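Peer 1: What follows is a structure written as structure tokens; I'll ask about it next.
The values are calculated or read from the model by the stated rules, or taken from the named source; none is laboratory data. In this text, all values refer to a predicted model and were calculated from it rather than measured experimentally. In this analysis, Cβ positions are derived from the backbone assuming ideal geometry, glycine residues included, and neighbour counts consider all displayed protein chains. In case anyone asks, the SASA skips ligands and DNA or RNA and just uses the protein heavy atoms, side chains included. Shrake-Rupley method; radii C 1.70, N 1.55, O 1.52, S 1.80 Å.
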4 protein chains.
Amino acid sequence: MIIVIQCKDQVGLVAAISGVLAEQKINIISMREHVDKVENRFFMRVEIESHNNATALEAMLQKVLPPDAFIKADPTPEKKIVILVTKEYHCLGDILLRNHFQTLGAAVQCVIGNHDTLENICNRFGIAFHCISHEAKDKHAFEEELRNTINNYSFDYIVLAKFMRILSPDFVEHFPTQIINIHHSFLPAFIGANPYRKAFERGVKLIGATAHFVTNDLDEGPIIAQQIIPVNHSFTANGMMKAGKDIETAVLAKALQLVFDDRVFVYKNKTVVFE
Amino acid sequence: MIIVIQCKDQVGLVAAISGVLAEQKINIISMREHVDKVENRFFMRVEIESHNNATALEAMLQKVLPPDAFIKADPTPEKKIVILVTKEYHCLGDILLRNHFQTLGAAVQCVIGNHDTLENICNRFGIAFHCISHEAKDKHAFEEELRNTINNYSFDYIVLAKFMRILSPDFVEHFPTQIINIHHSFLPAFIGANPYRKAFERGVKLIGATAHFVTNDLDEGPIIAQQIIPVNHSFTANGMMKAGKDIETAVLAKALQLVFDDRVFVYKNKTVVFE
Amino acid sequence: MIIVIQCKDQVGLVAAISGVLAEQKINIISMREHVDKVENRFFMRVEIESHNNATALEAMLQKVLPPDAFIKADPTPEKKIVILVTKEYHCLGDILLRNHFQTLGAAVQCVIGNHDTLENICNRFGIAFHCISHEAKDKHAFEEELRNTINNYSFDYIVLAKFMRILSPDFVEHFPTQIINIHHSFLPAFIGANPYRKAFERGVKLIGATAHFVTNDLDEGPIIAQQIIPVNHSFTANGMMKAGKDIETAVLAKALQLVFDDRVFVYKNKTVVFE
Amino acid sequence: MIIVIQCKDQVGLVAAISGVLAEQKINIISMREHVDKVENRFFMRVEIESHNNATALEAMLQKVLPPDAFIKADPTPEKKIVILVTKEYHCLGDILLRNHFQTLGAAVQCVIGNHDTLENICNRFGIAFHCISHEAKDKHAFEEELRNTINNYSFDYIVLAKFMRILSPDFVEHFPTQIINIHHSFLPAFIGANPYRKAFERGVKLIGATAHFVTNDLDEGPIIAQQIIPVNHSFTANGMMKAGKDIETAVLAKALQLVFDDRVFVYKNKTVVFE
């Protein structure tokens, strides 16, 4: 079982928490703790051997922690996700494979595309696909359709697996710290559209990808994971885009694994990631 | 011996060049060639076993190449450099060590600092150090002093080894494609001052360094080499700066080695690097 | 069109080859050349804009090259492959996805498993699956069945995508430089069985994967690509195995792309890879 | 102040330790904990804001921990080291630079070489150099001389910075978990002599370096840090050796920093490293 705790920092928190666990004769498998000194914020992830009553444990912990502490003891770790896509298959394909072989750490509820390009691959894996075109309607109407379809499902996270429409602040607001995006550059370099074209023109020697939570500020949300690969003069902009797809897939896969394992904490515009 | 060639692309260049070498019974050890299709530009680096007359060889190659071709057959590959520093020792120290043990591929002529912090380490290696303060004078006067001192030496490149003053376009113009800088971020992320502070605030998961030629546009010159290291929530801004120093040292060392081995070509705002 | 050439080294080879191309007014897009000085062996890969008669071009090149030169001008670059698997899905899944979306650079002809675990995923992609069990028969009989099934297909390469049976020298001999394997360690570390268990016991700080051609010497064939990821004390042997799967998938994908793009040359027990 | 603890695992250790700290109103800056389930062993590193009496704190902790627990509360974190070298300068040079600018986290007491090649660089940094030749004497006599010289100094660690003599079990026994070596391959690949030659002959695509504690089994001691760099067919054995030097320097520097920061625990033949 995993316990995650986030609250204002104060002296004695570790003693208080581990005291509760010791009292219950709970064996700690691993414990990670971080204090953000700038924000005076305490983060902890504890992996324990097991406990038969998560709610009771949460209540016991609540008693020794500050009143506004966030505490979650999670006996059912599998998350549920909804995926949004456009036309590119690489991130979706990887997620569907892991989902199919039950190594994703989450269960894909459905896939929504603003094009129908990826309907076929979803069908092959027996995953529901909804095509919601953005064409011939305004953004507001498009996003309302999206929301209605999404809300037909029970889910923990919305994964933008190369979804190429910019979501409005209004939409994002409905799902705070629930939308995860893969951006095709090592942010904050090349914010916005066409990062590979910009990377090519700037002549950089490495390109990358960034998985982050989506907030109202485009490409400015809390970063979960980033990775890069070397490129050189022999890469065209298209070659960079092609090479970048593998790193996008890898970074999104890694970020999802971290999130689904309850290893990622968000506070303001940053993450704490206990790898 | 190394031969480097840069010119407008046209059909038959490789045949013409290798024909001249074959006629002279010159054995090619390695040959790297690149055509920039966007710019219609041809770049070649040939390593040959030896030849007793570089000037004659250049003339023979000139005959079969476009009139404006840049050709250099270099029998004396050791370069000469002047180094500019401020207070940080890590890049300078690494260069002085390599210079001392003759593995730098260049000979350090002198070090110029706008502070005297690094005079002692230069003395220990027997390298001339000139302190030219930027204080109590305007930028123009400061740069004129710099230029006068630099020009007392014979040199191929000026290396900014953590030189923390911004050079004016006027200064840079005097040394086109001769000034090499190490910037403490993976450009174009965090252009300008305090990149580690900005990286900390943005919550990135990797920091980096970029070695580039200096042009009139600050931090926008042709990139030679870039590298990154992973960071996480446990790094303070100072911790990032400390961790970054090692990668700065490594990237500058690599870029210098590439340049001194005649592996780097510049055209417009990009480099071709034959690693 | 791609032209690949391998032969004994001698003075003037580049001139001879590029002379033929220039005579035909063929534009060279890129040219990579390597001379193995120890073996006195010449390797070249040329990408040209196009030519309407590959056979004629090969004949012209043959005239200016040593009689035993290997020359291939390939107007139909898509390769055909047969895949052998056991139970693990990750490498196969990645290949099937790329095959399905036509980004593999090869066409999967069939999949053969010594278990039927992966039949379902092949069916979902419409790829023929043959189950050939190794049980209740001797190695010779098993491999004859394999060979008979394989030889029903036209193919360029056999890919061992986590095929967990050791193939006999007799089998391997039938397919020289045609069998590509992914080994779950950075060879030559941890040769043989259970590399993750061995890595765990040794306490290494990095684990890796190696894609190589299969020869008679187990795990000793020419290496195509290798990659590593960091691990630490918190990894169990199983955790290493799980983390290793992603790197196995990535390394095999990269090796296949290099091979299918005709970038890999084999001579004796080594490869020349023009990335 | 740093506190490190190592002991047999049991329920309630974290609570007991953090209870003592909370009682003393000590603020925990960061805490890292690991339980080796196979060995049933508990490791902890705590960074606290400060405490005026380390010995008293150790005693308080001792009371709540198993009797054989190893506990160290260290108010004077700077370590002292003795360095052994042969002829290669790169690792020594890097250490001397960091030592000189007080960023090493340790103080170099002296350098001992079995050749006098590196005497000059030590002199330049004002560090005592002792030349103890291995020639014209047996191993026992050589090592006795070494030991006598080493023991003239007060030190925490002996660093083998490319010391090319194999130390006898007898010598090693005198300094358990005190000798740190840099080996020029990613162990356990290419154990023993000439790893670059072996790597070249095997045709690997990556080479590496390993920093480890020295035990009686040659190249088999607990690994502290490892890193690799990519190589390819264009590298000669000498080219690999040259490229390898930079990674050797980097890995040793990283390992030393980890050890000097009390982040490395040794148990049996493995390390726990809290990066």
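Peer 1: May I ask you to rank A:174, D:130, D:183 by accessible area, largest first, using a 1.4 Å probe over the protein chains only?
Peer 2: Most to least solvent-accessible, the answer reads A:174, D:130, D:183.
Peer 1: Can you list the distances in nanometres, one decimal and ascending, from the residue B:229 label point to the identical position in each other copy, with the point 7 Å along Cα to Cβ?
Peer 2: 1.5, 2.2, 2.5
Peer 1: Put a point 7 Å out from Cα along the line to Cβ at residue D:11; what are the distances to that point in the other copies, in nm, shortest first?
Peer 2: Listed shortest first, these distances are 3.0, 8.4, 8.4 nm.
Peer 1: Could you state the accessible area per residue of the protein assembly as shown in Å², with a 1.4 Å probe and every protein chain left in place?
Peer 2: Computed with neighbouring chains in place, this is 40 Å² per residue.
Peer 1: What is the mean number of Cβ atoms from other protein chains located within 10 Å of the Cβ atom of each residue in peptide D:205-212, rounded to a whole number?
Peer 2: Mean partner-chain Cβ count within 10 Å for D:205-212: 4.
Peer 1: Quick one, what does Rg over Rh come out to for chain A if you take C-alpha atoms and the Kirkwood Rh?
Peer 2: Radius of gyration over Kirkwood radius for chain A works out to 1.01.
Peer 1: Can I ask one more? Leaving ligands and nucleic acids out of the surface, order B:145, B:135 by accessible area at 1.4 Å, largest first.
Peer 2: B:135, B:145
Peer 1: Please give the calculated 222 nm ellipticity per residue for the protein assembly as shown, where each DSSP H segment of at least 4 residues contributes -39500 (n - 2.57) and the sum is spread over every residue; nearest 500 deg cm²/dmol?
Peer 2: -9500 deg cm²/dmol
Peer 1: What whole-number distance in Å separates the alpha-carbon centres of the stretch C:73-113 and the stretch D:183-229?
Peer 2: If we compute the Cα centre of each part, the gap is 35 Å.
Peer 1: Among DSSP beta bridges whose residues both lie in chain C, state the antiparallel percentage, nearest 5.
Peer 2: 65 percent
Peer 1: Placing the label point 7 Å from Cα along the Cα-to-Cβ direction, what are the distances from residue D:216 to the equivalent spots in the other copies, shortest first, in nm to one decimal?
Peer 2: Copy-to-copy label distances at residue D:216, shortest first: 4.1, 6.9, 7.3 nm.
Peer 1: Follow-up question, since we're still on this one. Any idea what the dipole of the stretch A:1-113 comes to, in debye rounded to 20, about its Cα centre with Lys/Arg Cβ at +1 and Asp/Glu Cβ at -1?
Peer 2: With only Lys, Arg, Asp and Glu charged at Cβ, the dipole is about 120 debye.
Peer 1: Please give the charge dipole size of the protein assembly as shown, origin at the Cα centre, charges +1 on K and R Cβ atoms and -1 on D and E Cβ atoms. Round to the nearest 20 debye.
Peer 2: The calculation lands at about 0 debye.
Peer 1: Still on this model: Mind checking which aspartates and glutamates have their C-alpha under 12 Å from residue A:137, skipping anything on the same chain fewer than 8 residues away?
Peer 2: A:145
Peer 1: Something else now. Any residues in the stretch C:73-97 that have 30 Å² or more less accessible area with all protein chains than in their chain alone, probe 1.4 Å, and which are they?
Peer 2: C:89, C:97
Peer 1: While we're looking at this one, here's another question. What dipole magnitude, in Debye to the nearest 20, does the stretch A:79-273 give about its Cα centre under +1 on Lys/Arg Cβ and -1 on Asp/Glu Cβ?
Peer 2: Rounded to the nearest 20 debye, it is 600 debye.
Peer 1: At a cut-off of 40 Å², which residues of the stretch B:7-54 become less accessible once all protein chains are present than in their chain alone, using a 1.4 Å probe?
Peer 2: Going by heavy-atom accessible area, the residues of the stretch B:7-54 that drop by at least 40 Å² are B:11, B:14, B:15, B:27, B:28, B:29, B:31, B:32, B:33, B:34, B:37.
Peer 1: Would you work out which of B:60, B:195, B:136 lies farthest towards the positive end of the dipole of chain B? Charges go on Cβ: Lys and Arg +1, Asp and Glu -1.
Peer 2: B:195
Peer 1: What relative contact order, as a whole-number percentage, does chain A give when Cα pairs under 8 Å and 6 or more residues apart are counted?
Peer 2: Value for chain A: 15 percent.
Peer 1: Could I ask something else about it? Do you know the relative contact order of the stretch B:168-223, to the nearest whole percent, from alpha carbon pairs under 8 angstrom that are 6+ apart?
Peer 2: Here the relative contact order equals 45 percent.
Peer 1: Sticking with this structure for a sec: When Cβ neighbours within 10 Å are restricted to other protein chains, what is their mean count per residue of peptide A:266-273?
Peer 2: Mean shielding count: 3.
Peer 1: Another question about this same structure. In Å³ and rounded to a whole number, note down the convex hull volume per residue for the Cα atoms of the stretch C:5-55.
Peer 2: It comes to 72 Å³ per residue, whole-number rounded.
Peer 1: Another question, if that's okay. From the phi of every residue in the stretch B:38-53, what ³J(HN,Hα) in whole Hz does the Karplus formula 6.51 cos²θ - 1.76 cosθ + 1.60 yield, where θ is phi - 60° and glycine or proline is x?
Peer 2: These are the phi-based 3J(HN,Hα) values: 5, 9, 6, 10, 10, 10, 9, 10, 10, 9, 10, 5, 2, 7, 8, 9 Hz.
Peer 1: Considering the options D:244, D:174, D:92, tell which one lies farthest towards the positive end of the dipole of the stretch D:79-273, charges being +1 on Lys and Arg and -1 on Asp and Glu at the Cβ, about the Cα centre.
Peer 2: Going by the Cα projections, it comes out as D:244.
Peer 1: Just the number, please: carbon plus sulfur as a percent of the accessible area of the stretch C:2-74, 1.4 Å probe, no ligands or DNA/RNA counted.
Peer 2: Summing carbon and sulfur atoms, their accessible area is 50 percent of the total for the stretch C:2-74.
Peer 1: Which chain B residue hugs the B-A rotation axis most tightly by its Cβ, and what is that distance in angstrom, to the nearest whole number?
Peer 2: In residue-and-Å form, the answer is B:189, 2.
Peer 1: Tell me the Rg and the Dmax, in Å, that the Cα atoms of the stretch A:1-121 produce.
Peer 2: Cα-based Rg and Dmax for the stretch A:1-121 come out at 19.4, 56 Å.
Peer 1: Ballpark to the nearest 100 Å², how much total accessible area do A and B bury together, probe 1.4 Å?
Peer 2: That pair of chains buries around 2500 Å² in total.
Peer 1: Okay, moving on. Which percentage, to the nearest 5, of the DSSP beta bridges contained in the protein assembly as shown is antiparallel?
Peer 2: Bridges in the protein assembly as shown are about 70 percent antiparallel.
Peer 1: Which order do the peptides A:87-97, A:15-25 take when ranked by the mean count of other beta-carbon atoms within 10 Å per residue, highest first?
Peer 2: The peptides rank, most packed first, as A:87-97, A:15-25.
Peer 1: Computing the accessible area with a 1.4 Å probe over protein heavy atoms, can you report the carbon and sulfur percentage for the stretch D:146-268?
Peer 2: 50 percent
Peer 1: Going by the alpha-carbon gyration tensor, a ≥ b ≥ c the square roots of its eigenvalues, is the protein assembly as shown rounded (a/c under 1.5) or, if a/c is not under 1.5, prolate (a/b greater than b/c) versus oblate?
Peer 2: rounded
Peer 1: With all protein chains present, calculate the accessible area of residue A:8 using a 1.4 Å probe and round the result to the nearest 10 Å².
Peer 2: Ignoring ligands and nucleic acids, residue A:8 comes out at about 100 Å².
Peer 1: Please list C:47-53, D:255-261, C:240-246 highest first by mean number of surrounding beta-carbon atoms within 10 Å per residue.
Peer 2: Listed from highest to lowest mean packing, they are D:255-261, C:240-246, C:47-53.
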